[in-house]
There are 4 protein chains.
Amino acid sequence: MRKIINDPVHGFITVDNPLIYQIISHPYFQRLRRIKQMALAYLVYPGAVHTRLHHSLGAYHLLSLALQELIQKGVDITPEEKEATQLAILLHDIGHGPFSHALELSLLNTHHEELSLQIMQLLNNEFKGALDMTLLIFQKKYKKKFLCELVSSQLDMDRLDYLARDSFFTGVSEGVVGYARIIKMLNVVNNQLVVEEKGIHSIEKFLIARRLMYWQVYLHKTVISSENMLTQILKRAKAIASSKNLFATPALQIFLQSQSISQQDYLETFLKLDDTDIISSIKVWQNHEDFILSNLCKRLVERRLFKTQFIHESEVEKVYEIKKKEILKNAIISESEIDYFLTRASTSNETYNEMNQKILIFTKGQEVKDISTIENSLLVDTVLNPTKKYYICSIEGFS
Amino acid sequence: MRKIINDPVHGFITVDNPLIYQIISHPYFQRLRRIKQMALAYLVYPGAVHTRLHHSLGAYHLLSLALQELIQKGVDITPEEKEATQLAILLHDIGHGPFSHALELSLLNTHHEELSLQIMQLLNNEFKGALDMTLLIFQKKYKKKFLCELVSSQLDMDRLDYLARDSFFTGVSEGVVGYARIIKMLNVVNNQLVVEEKGIHSIEKFLIARRLMYWQVYLHKTVISSENMLTQILKRAKAIASSKNLFATPALQIFLQSQSISQQDYLETFLKLDDTDIISSIKVWQNHEDFILSNLCKRLVERRLFKTQFIHESEVEKVYEIKKKEILKNAIISESEIDYFLTRASTSNETYNEMNQKILIFTKGQEVKDISTIENSLLVDTVLNPTKKYYICSIEGFS
Amino acid sequence: MRKIINDPVHGFITVDNPLIYQIISHPYFQRLRRIKQMALAYLVYPGAVHTRLHHSLGAYHLLSLALQELIQKGVDITPEEKEATQLAILLHDIGHGPFSHALELSLLNTHHEELSLQIMQLLNNEFKGALDMTLLIFQKKYKKKFLCELVSSQLDMDRLDYLARDSFFTGVSEGVVGYARIIKMLNVVNNQLVVEEKGIHSIEKFLIARRLMYWQVYLHKTVISSENMLTQILKRAKAIASSKNLFATPALQIFLQSQSISQQDYLETFLKLDDTDIISSIKVWQNHEDFILSNLCKRLVERRLFKTQFIHESEVEKVYEIKKKEILKNAIISESEIDYFLTRASTSNETYNEMNQKILIFTKGQEVKDISTIENSLLVDTVLNPTKKYYICSIEGFS
Amino acid sequence: MRKIINDPVHGFITVDNPLIYQIISHPYFQRLRRIKQMALAYLVYPGAVHTRLHHSLGAYHLLSLALQELIQKGVDITPEEKEATQLAILLHDIGHGPFSHALELSLLNTHHEELSLQIMQLLNNEFKGALDMTLLIFQKKYKKKFLCELVSSQLDMDRLDYLARDSFFTGVSEGVVGYARIIKMLNVVNNQLVVEEKGIHSIEKFLIARRLMYWQVYLHKTVISSENMLTQILKRAKAIASSKNLFATPALQIFLQSQSISQQDYLETFLKLDDTDIISSIKVWQNHEDFILSNLCKRLVERRLFKTQFIHESEVEKVYEIKKKEILKNAIISESEIDYFLTRASTSNETYNEMNQKILIFTKGQEVKDISTIENSLLVDTVLNPTKKYYICSIEGFS
């Protein structure tokens, strides 16, 4: 069997393994077609409507290229290991719900990585243990560490794909990554994934592209605003649904009202949820009698968004209090409801974390070194320190 | 005022006119963010999830370039005409509903062009006549014919954008069009839009790219299957909703039950409808007690699609009867319900229609000629005849 | 061994066979670095300065992809056959001299295909018979016809690369070809190269792109002018060199004066010749005492080119006579010298030649059919007839 | 008048000013068609054969876009200033000779910037003072500083074009720069060119892309080797030409023998020199009786290059002495000739120089700040320090 999928980012993606094709065709995986990779970022970047399914296929494709490269270089990888690693990356995001970040802050009580694991276990049962090795690799427990690192590390195929894909669909060309070159430079030394020395500038460029995508796209002020609004909407809807009748699609209804639900029911309902449940319900809530809910929903649907302002840590309290007074002045809402319209928070990003799964360079002198210890490295202290930014996100008048 | 929008297809789109910005910000226009340009084609081409809003902005951008070019060449276009033409193209698709083609075959009774006109009139009232000239241009009644032709003809900026955009997002590189060159070759002679002679090969290439996109993408067999299934689902849902209770989002509910509804209510409800209403409802219908509805919905959601087969006209009846027998054999459905699972139909496309708003070439000898009459033209009889293909679309067993 | 070469058109080109690497490193092949693929076309398209070496590597790369594809589909291709076919395409243009077309019309007496063959034989001697099979494939004598067809036919990897490459470097985006898709659709039936039916639109697009590149680029009027001027320059230089002392680089000198020269000396000198010999000599000739030579050279160097005019066959004589009178009027040159400044000629191109090595389509019904016999084919009679254009190329005043 | 030039990097370049068109058509400018922008880098990156003419046109194009942007933002720029700035960037590289770097180290005694100035003055005489303002801008003496900065500074349109162009033609995608976004973010405050704050990440990316291009492309070890070999060849040829007869094209001959030559003759001869003079002469020198000259030339032509090794400063002397012994061991050359085959040197590059024409950011708080003083800047001390690398470049055996 051999299926070819058109991908504007990587060209053609080939699937030639029946088990992998079955997993891709499974309703759990097909559901990712209805979940946008970048949540509400399309409110700023209209092209950013690509899906988690597309990203998962892309990461699978890059991984396949990387495995082919390593095998050609003589690294020992069995057909079973190849399949298991391909499945692991294909399923690495299977636990994402719609608008994942906002949903985790409002309705869910389980992190998406944990959900990915549980869903893989469900599939493993269904496929009678065919995913045993996949589960080990996903949990970083498999003996060949470099396979785990290809799936999840600071230089995994997941990151390579999402940076390439997100810059492609947003049109932010600065995020373009030379993934072909990086993959050609991969190798394995002492069971660890390494990059040959002449690939070092490509890695630096990759880390800088990622840094840029964080500040320019993922943490764009308008994106922060819209995701904050969505979080508040879901919190308010949950508060209302506990006492009143509130329209929602059946799957969403369960999450709005979930007091006690068995883990299996939880998972099953979760697997029915996607972007359309959230958005179609929010559209209805625009006309709800609750002022807070309808106001927030109307704004989000019509794209009249809160304003986010980055400010110095020391100013946060002061600005927060001023904004609060302004908002409460007109007495439409009470002080206890202020959180729905005003948030102080921080966000941070690190270009490279030397504590974490390091990026290792294999020098011409046959040594393995952390990239941040290479002479003339771009990744010096200041760049290594995570950048943390404080912000206030608030409504600008109720009109 | 000056807003810049990132577009992966054209680079940056600039909006620097307050009225145009107000129209873009209007909920009617923002609604197009939730309607996919290519309906269900994403089931074949996973990248094809771009929206009608994005296409409308792109067409506006190309039109702006074309107007700039013509003005530089000395064509008389006033600022008012520029704005009106920009608005006309921005709003040319405003009457599209979700999954437009399937919806028009099942729930709607008005064509999207007529709806576009009605919605533009609504906006014109709201903006106190500011769209008067826009309406004339959209209806091809404005005196400067070439402005109307830029908005709608066989070489309009709408087609230029959708071909470029659809090939970009599907990854079908064969559809790429050299729009920059075409725009540079535009001119106006005797109030008609013409292409300078040295642009002739670019036009030929554009027509062939369009032909290719039709057969490879828009009329792809799997796309035909899924759109046919969606049409059958909506027809069945409408039939059920007339007598039984059926879950649907409020806006969709009205269309399912619409017996008599005033034109204004019709328009208002229509303007609330988008892809999420259809998809979120179909997901719920997967568990409906009606076998036909639930079976069709489950298949569509899980992407187990009908099979479409192109066959010779003379074979249609024979193949249809065979398929019909096969389907009815197992007696799950009755003969009167066969249309839900088996369709015979045809589809056609013409590369260039010489009867229609022609593409005119301005020769070096200063003559204006129909492109199909140019010596050595690619657009000879056989190519001019519309290609019509007959097909059977059918379920392959109920399992 | 494994070398990676950066190619802006195809990404990375990998060479992992020692013999192939030796051939690439050979001075005969390296000489192609100094020969522009598109001769003087850079006078119109400034980016078109890419070399025959680059094109040969690109064609080798596409061929390698095609062989990999066929092997994966189960076609029997031995490692020796793979290597031999790769060498055949790598060397298919080795017999091109600088500005090949103009040179063949003025100084050479052997066609470049014949020279390619002779140089391959030289290399085969040097490499002790390692190119025996390569020679068979290049001469279309090898038993596995499809290997010969990949190297030379209406759908060979040579054409695929030069169209992609030439449109890339000229910036004529209309020539872009979806070569990745075409390669994925290749197969072998009855020892013949075929294209699977669903690739038919890509082939049509490829033929149309080629047609467009011919008229818009290769046969661009200014390109015709400059190549005609170069031909006249070399003819005049040869005429002068027979009787007078004329500066030239040593290799060019031999061709200018070649009365009788052994075939081996001929080949050896030919292998020393490249673009720099021609251009550096022409620059010196700008100051030669012969009016015709210096005038033509000065014009070409300073890009003050002849004018080419396409006209109807029936008009050729008339226009030619008028031009001739105009040119001779001022009495700078005599009638016998008119050919240096005035040419009447024709040029033709055929989109697809059904007589030749046909492009075969493998239908879903498992039949093999010539692409021009497929229903609804674009390649109907009118398109199949070669297009022939007549032109006059002339100086416009001697000032 | 209006000419359109196809550029694969930027699309279409428009020239619509008669004086600018005359300058582009002038033989001094057309000469840049025969000088490769990246000298011998094509020995590593086969696509890097683009010319200085193409780059000059590209920089002119980006400058035109930048001026249009600034004018739209209300910056006062007169038509005369526009033209003069366009001419200044068009001519900024007019003083480059073939293989500029190697030539300046061997045959020339004037720096290319000084030559550019002298040639502009020649043109200014020919055009009767039409380039007066151009000369002021090129020399940074014009009152509107920002116009000078657009032509030459750490963020000039020259750099923007060459980074974009060089990465395009080499295929090193990591050098791709989001120039469109940078240009949209330009503004003028207090007569200085500034970048609006939200463009800061694009600037960081631009500086990192430049850093990467330096180490991966411009200072690639094989590029260093080949340019060093060319320098040695020209030095040896000059030494020989002083006493013996040596073939060379006439223009090159003058530079090889130049003892005393008037400045005007110097300039005139310089303006005749291009890549073809150097390469066609080197090809002949392959057979010269002088062992050193012929050996070096043969190696360069056949691409059997020296080896360059980056080493720590402290090791330079030691490694140099070892290499020297190795080379002299076989006694083919004498110790006094060692420099022709062995070089120790260093090369350096700085990502950003805060001492120089700074890159200024215009903050949302309306302040103008050096980019290196912005909070969380990537451009911290370590990155600001120029990176200096020491290397040894040597022959590896005479065989």
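The values are calculated or read from the model by the stated rules, or taken from the named source; none is laboratory data. None of the values given here were measured: they were computed from a predicted structure. Backbone-built Cβ (ideal geometry, glycine too); neighbour counts: all protein chains shown. To get the accessible areas, we keep the full protein, side chains included, count just its heavy atoms, and leave off ligands, DNA and RNA. Shrake-Rupley method; radii C 1.70, N 1.55, O 1.52, S 1.80 Å.
On a C-alpha basis, how far is the centre of region B:129-195 from the centre of region C:32-105 in Å? Whole number, if you could?
Centre-to-centre distance over Cα atoms comes out at 40 Å.
If you place +1 on the Cβ of every Lys and Arg, -1 on the Cβ of every Asp and Glu, and leave all else neutral, what size is the dipole of the protein assembly as shown about its Cα centre, to the nearest 20 Debye?
0
Using C-alpha positions alone, give me the convex hull volume of chain A per residue in cubic angstrom. Intermediate values should be presented prior to the final figure.
Numbers: hull volume 58.2 nm³, N = 399.
Once divided by residue count, the hull of chain A is 146 Å³.
At what distance in angstrom do the alpha carbon centres of region A:226-240 and region C:232-281 lie from each other?
82
Put a point 7 Å out from Cα along the line to Cβ at C:MET1; what are the distances to that point in the other copies, in nm, shortest first?
So the label point of C:MET1 gives 4.3, 5.4, 6.6 nm to the other copies.
Provide the FRET efficiency to the nearest 0.05 for the D:ASN245-C:ILE261 pair, computing r from the beta carbons and using R0 = 22 Å.
0.30
Where both partners of a DSSP beta bridge lie in chain C, what percent of those bridges are antiparallel, to the nearest 5?
Of those bridges, close to 95 percent are antiparallel.
Name the residues of region A:278-313 whose accessible area, probed at 1.4 Å, falls by at least 10 Å² once all protein chains are in place instead of their chain on its own?
A:ILE279, A:SER280, A:LYS283, A:VAL284, A:ASN287, A:VAL301, A:GLU302, A:ARG303, A:HIS312
Using +1 at the Cβ of each Lys and Arg and -1 at the Cβ of each Asp and Glu in chain C, identify which of C:LEU186, C:GLN286, C:ALA241 lies farthest towards the dipole's positive end.
Of the options given, the answer is C:GLN286.
Which of the residues in region D:129-175 show a loss of at least 40 Å² in accessible area from their chain by itself to the complete set of protein chains, at a probe of 1.4 Å?
Residues shielded by partner chains are D:PHE168, D:PHE169, D:GLU174.
If the cut-off is 12 Å between C-alpha atoms, which aspartates and glutamates fall inside it for A:LYS244, apart from same-chain ones fewer than 8 positions away?
Partners found: A:GLU289, A:ASP290.
Provide the per residue accessible area, probe 1.4 Å, for region A:1-44, rounded to a whole number of square angstrom.
Each residue of region A:1-44 exposes 32 Å² on average to a 1.4 Å probe.
In debye, nearest 20: dipole of region A:247-335 around its Cα centre with unit charges on the Cβ of K, R (+) and D, E (-)?
Numbers: 12 positive and 14 negative charges, 104 e Å.
That gives a dipole near 500 debye.
Give the A-B buried accessible area in Å², both sides summed, 1.4 Å probe, nearest 100.
Chains A and B together bury roughly 3100 Å² of accessible area.
Across peptide D:43-56, how many C-beta atoms of other chains are within 10 Å of each residue C-beta, on average?
That works out to 5 on average.
By how many degrees, 0 to 90 and rounded to 10, does the Cα axis of helix B:52-72 deviate from the longest principal axis of chain B?
Compared with the principal axis, the helix lies near 20 degrees.
For the protein assembly as shown, what does -39500 (n - 2.57) per DSSP helix run (n ≥ 4), summed and divided by total residues, give at 222 nm, in deg cm²/dmol to the nearest 500?
Taking each H run of at least 4 residues, the total per residue is -14500 deg cm²/dmol.
Which residues of region D:212-235 end up with at least 10 Å² less accessible area in the presence of all protein chains than when their chain stands alone, using a 1.4 Å probe?
D:LEU212, D:TRP215, D:GLN216, D:LYS221
What pairs from D:LYS145/D:LYS389; A:LYS73/A:LYS198; B:LYS369/C:LYS325 go past 25 Å between their alpha carbons? Before the final figure, lay out the partial values.
Details: D:LYS145/D:LYS389 34 Å; A:LYS73/A:LYS198 16 Å; B:LYS369/C:LYS325 33 Å.
Violating the 25 Å Cα-Cα cut-off are D:LYS145/D:LYS389; B:LYS369/C:LYS325.
Would you mind working out the magnitude of the charge dipole of region D:68-216 relative to its Cα centre, with +1 at each Lys and Arg C-beta and -1 at each Asp and Glu C-beta, to the nearest 20 Debye?
Around 380 debye, computed over region D:68-216.
With respect to the symmetry axis carrying chain C onto chain A, which residue of chain C exhibits the smallest Cβ distance to that axis, and what is the value in whole Å?
Residue and rounded Å distance to the axis: C:GLY11, 5.
Which of A:PHE270, A:PHE310, A:PHE341 ends up with the largest GNM mean-square fluctuation for chain A, with Cα atoms connected below 10 Å?
A:PHE310
What does the accessible area of A:GLU289 come to, in Å² to the nearest 10, when a probe of 1.4 Å is used?
For A:GLU289, the solvent-accessible surface is approximately 140 Å².
Could you sort out which of A:LYS36/A:LYS184; B:LYS364/C:LYS388; C:LYS307/D:LYS283; B:LYS3/B:LYS82; D:LYS272/D:LYS358; D:LYS140/D:LYS235 sit more than 26 Å apart by Cα distance in this structure?
Over 26 Å apart, Cα to Cα: A:LYS36/A:LYS184; C:LYS307/D:LYS283; D:LYS272/D:LYS358; D:LYS140/D:LYS235.
State the percentage of accessible surface on the protein assembly as shown attributable to carbon and sulfur atoms; use a 1.4 Å probe and exclude ligands, DNA and RNA.
Carbon-and-sulfur percentage of accessible area, whole number: 48.
So what's region A:1-65 giving for Cα Rg divided by 2.2 N^0.38 Å, two decimals?
In units of the globular-protein estimate, region A:1-65 measures up at 1.19.
If I ignore ligands, DNA and RNA and count only protein heavy atoms, how much of A:VAL177 is accessible to a 1.4 Å probe, in Å² to the nearest 10?
10
Simple spin-label model, 7 Å along Cα-to-Cβ: B:GLN366 to D:ASN353 in nm?
Between B:GLN366 and D:ASN353, the label points sit 5.8 nm apart.
Mind checking the angle between helix D:112-126 and chain D's longest principal axis? C-alpha axes, 0 to 90 degrees, to the nearest 10.
Here the helix axis deviates by roughly 60 degrees.
Can you order the peptides C:134-141, B:187-194, A:326-333 by their average number of other Cβ atoms within 10 Å per residue, highest first?
C:134-141, B:187-194, A:326-333
Run the paramagnetic zone check for C:LYS143: 7 angstrom along Cα to Cβ, then residues of region C:180-208 with backbone nitrogen under 19 Å.
C:188-193
Please compute one quarter of the surface area of the Cα convex hull for the protein assembly as shown and express it in square nanometres.
60.2
Accessible area per residue of region C:266-391 at 1.4 Å probe, in Å²?
48
Computed from the mean reciprocal separation of all distinct C-alpha pairs, what Kirkwood hydrodynamic radius does region A:80-119 have, in Å?
10.9
Would you mind telling me which residue in D:ARG159, D:ARG303, D:ARG34 has the biggest mean-square fluctuation in a Gaussian network model of chain D, where springs connect alpha carbons within a distance under 10 angstrom?
Highest fluctuation among the options: D:ARG303.
Note the per residue figure in Å³ for the convex hull of the C-alpha positions in region A:42-145.
Hull volume over Cα atoms, normalised by residue count, gives 124 Å³.
Can you work out the PRE-style zone for B:GLU396? Point 7 Å along Cα to Cβ, and I want the residues of region B:286-329 with backbone N under 12 Å.
It comes to B:304-309, nothing else.
What average count of beta carbons from other chains do you get within 10 Å of the Cβ of residues in C:194-205?
3
Leaving ligands, DNA and RNA out of it, rank B:GLU350, D:GLU302 by accessible area with a 1.4 Å probe, largest first.
Ranking B:GLU350, D:GLU302 by accessible area, largest first, yields B:GLU350, D:GLU302.
Going 7 Å from the Cα of D:GLN68 in the Cα-to-Cβ direction, what parts of region D:1-20 have a backbone nitrogen less than 12 Å from that spot?
Backbone N within reach: D:11-16.
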